[in-house]
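Accompanying notes for the structure given below.
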Amino acid sequence: MVDTKRTASTRLSMFFNNDNVVGHVFAAPFIFGFICFSFIPICMSLYYAFTDYSLGSKVAVFVGAKNFLMLFEDEVFIKSIKKTLQYVFFAVPLKLSFALLVAFVLTRKSRMVTFYRSLYYVPSLVGGSVAVALVWKQLFARKGLFNSVLMNMGFEKINWFGSEALAIYPLILMAVWQFGSSMIIFAAGLKEIPSTYYEAAQIDGANGFQSFFRITLPCLSPIILYNLVMQTISSFMTFTQAFVITAGGPNNATMLYALNVYNQAFKYNRMGYACAMSWVMLVVMSLITLVIFRTSKFWVFSESES
Amino acid sequence: MREKRLLRKIFYHLLVMLFGFIMIYPVLWMISGSFKDNSEILRGTLSLIPKAFKTTNYHTGWKGFGGTTFFTFFKNSLLVTTIATFGTVLSSSLVSYSFSRIRFKGRNLWFTFMLATMMLPGQVIMIPQYLIYYRLGLVPGYVPLVLPYFCGQAFFIYQMMQFMQGIPRELDEAAKIDGCSKYGIYSRIILPLLKPAIVTTIIIQFYWKWDDYMGPLLYLSRPQSYTASIAIKLFADSASVTDYGAMFAMSTLSLVPVFLIFLFFNKYLVEGIGTSGLKG
């Protein structure tokens, strides 16, 4: 009797100490979460994209590709795509070049550098908050700070959020302003470049610009790729700033994609249509990421190759 | 020659400091605005020093909306942030241990899925997730705001895995010889040594969750349950004139924990971002 009990318990403990079981026990939170919060929602989203569905309706009526066809006649949708692309194409390269420049300037060995990096990181620290978005709105208001500066310098004041052509720029500027994280990643990368490279270049008579373009940039290219991909993805998803600062206006000139999806789903309760939109977004983003990766072999330098 | 170098050095520091000042000017302007009265803010003055230093904005702002004070809003924010951060640390450390230390069938598959979720835009799953919670009767409520954080966050799992690679495997071996199971190795060896990565996780997750706007916007509907980020936006939504002073006052208060953590744990944050990368 005692014997069988013991074998049962050892068998149980052997079972739980088997690597396959241990692995699944520890990975269980992720497996559960992935299935419930990623996989099932993705499948549902794909299904709803082909239906006419709203919150409260009992059944989702299958409508085929109607949602997708409607998208291309939806003026707001087309405008939101254009404006989002404009936002991403301006914000990401500016942000990265700025981050790289500041990281490069702050590579000096000085006790103050840590302090400076913290200082330049502050915008990123607070930039995602509603609080700062509201401040930004006030800065670019008609009688805001930015216009006071312009007027002090003798320029006309600009009605930033009243103009369709200009309203996107305060948002872009806000994204660029938050260059801190990219800067710190670049700074970590810069530290890894062996100083012997620069010394050798100096002996060969290279000036500062040459060593920047011939040594710094190639050595940093894998990190540039990483930052480029991550920043592109997060720029496509910008929501809070557009929602808080302009709410998409004037006349949808700042209707960033994520905001448009939110409006369709939760303001107009067109869940099916919004799902179709989010799928288009996924496809567009994947394509752009793919293009970045594909072209990366022409400009990303890897040590193993040379 | 030496003088020239010194001059260049001074010039460098001046330039960097001046530019840094411009960078944080909007934040300073907000803080000073919280002590100005509305007419002074609306005039768009550049000055950071209020004409009359007043704390009335803090009094009026703290009163909140419809009888709910900012004490409730901050309490709600703290509650959601703390639970979510705790969940992230717990689940991410478990999952990263399985991925980096245990060879099990399906590991590569799940690891690939994890990397995929890192690239997956949140908006694609936002709507169906909302529908699921809605059907389960969890909307409005706090559950959707914290539950996913107990299932491991890809970004932090990845970061912890990288950190674990630096923990020598000989330690695992030694513990195994001493009769420690894989569970014991996790709780007695890996977890204590993981502390720096955990601190980084706590800080970054705290920031993200504290600032989170979209989640509370979707899942909270009663003013008593609002988090600070939603409540601050209410100042700008009110039908009457926006009380900028009160709004800036509460905005400043909402950034106090962010700055305090930054001040004390700066090193961990910078190292965390530097080694693993951080979006935003």
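At a glance:
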{"read-out": "Helix-only CD estimate at 222 nm, as mean residue ellipticity for chain B, using -39500 (n - 2.57) per DSSP H run (n ≥ 4)", "value": "-22500 deg cm²/dmol"}
{"read-out": "Among B:Y183, B:L42, B:A246 - extreme Cα towards positive end, dipole of chain B, charges at beta-carbon", "value": "B:Y183"}
{"read-out": "Zone of A:E156's modelled label, taken as backbone nitrogen in segment A:238-253 under 12 Å from a point 7 Å along Cα→Cβ", "value": "none"}
{"read-out": "Sites B:M1 and A:C36, calculated FRET efficiency, Cβ-Cβ separation with R0 56 Å, nearest 0.05", "value": "0.25"}
{"read-out": "About the Cα centre, charge dipole magnitude for segment A:118-236 (Lys/Arg +1, Asp/Glu -1 at Cβ), debye", "value": "460 debye"}
{"read-out": "Sites A:V21 and B:A174 - FRET efficiency at Förster radius 22 Å, r taken between beta-carbons, to 0.05", "value": "0.45"}
{"read-out": "A:D74/A:F209 FRET efficiency (R0 51 Å; Cβ-Cβ; nearest 0.05)", "value": "0.60"}
{"read-out": "Likely footprinting exposure, B:F150, A:F140, fewest C-beta neighbours within 10 Å first", "value": "B:F150, A:F140"}
{"read-out": "Magnitude of the charge dipole, chain A, Cβ model with Lys/Arg +1 and Asp/Glu -1, debye to 20", "value": "640 debye"}
{"read-out": "Expected 222 nm ellipticity per residue - DSSP helices of 4 or more, -39500 (n - 2.57), all of chain A, to 500", "value": "-21000 deg cm²/dmol"}
{"read-out": "Long pairs among A:K95/A:K267; A:K83/A:K137; A:K109/B:K267; A:K95/B:K4, criterion Cα-Cα beyond 26 Å", "value": "A:K95/A:K267; A:K95/B:K4"}
{"read-out": "Distance between modelled label sites at A:C43 and A:V149, nm, 7 Å Cα→Cβ extension", "value": "5.3 nm"}
{"read-out": "Packing-based exposure ordering (other Cβ within 10 Å, fewest first) of A:R270, B:R43, A:R11", "value": "A:R11, B:R43, A:R270"}
{"read-out": "Likely footprinting exposure, B:F248, B:F156, B:F265, fewest C-beta neighbours within 10 Å first", "value": "B:F265, B:F156, B:F248"}
{"read-out": "Overall Cα dimensions of the protein assembly as shown, principal axis frame, Å, largest first", "value": "94, 75, 50"}
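Quick note: the coordinates plus some simple rules give every number you see, no bench work behind them. Please read all numbers here as calculations on a predicted model, not as lab measurements. Virtual Cβ from ideal backbone geometry, glycine too; neighbours counted across all protein chains shown.
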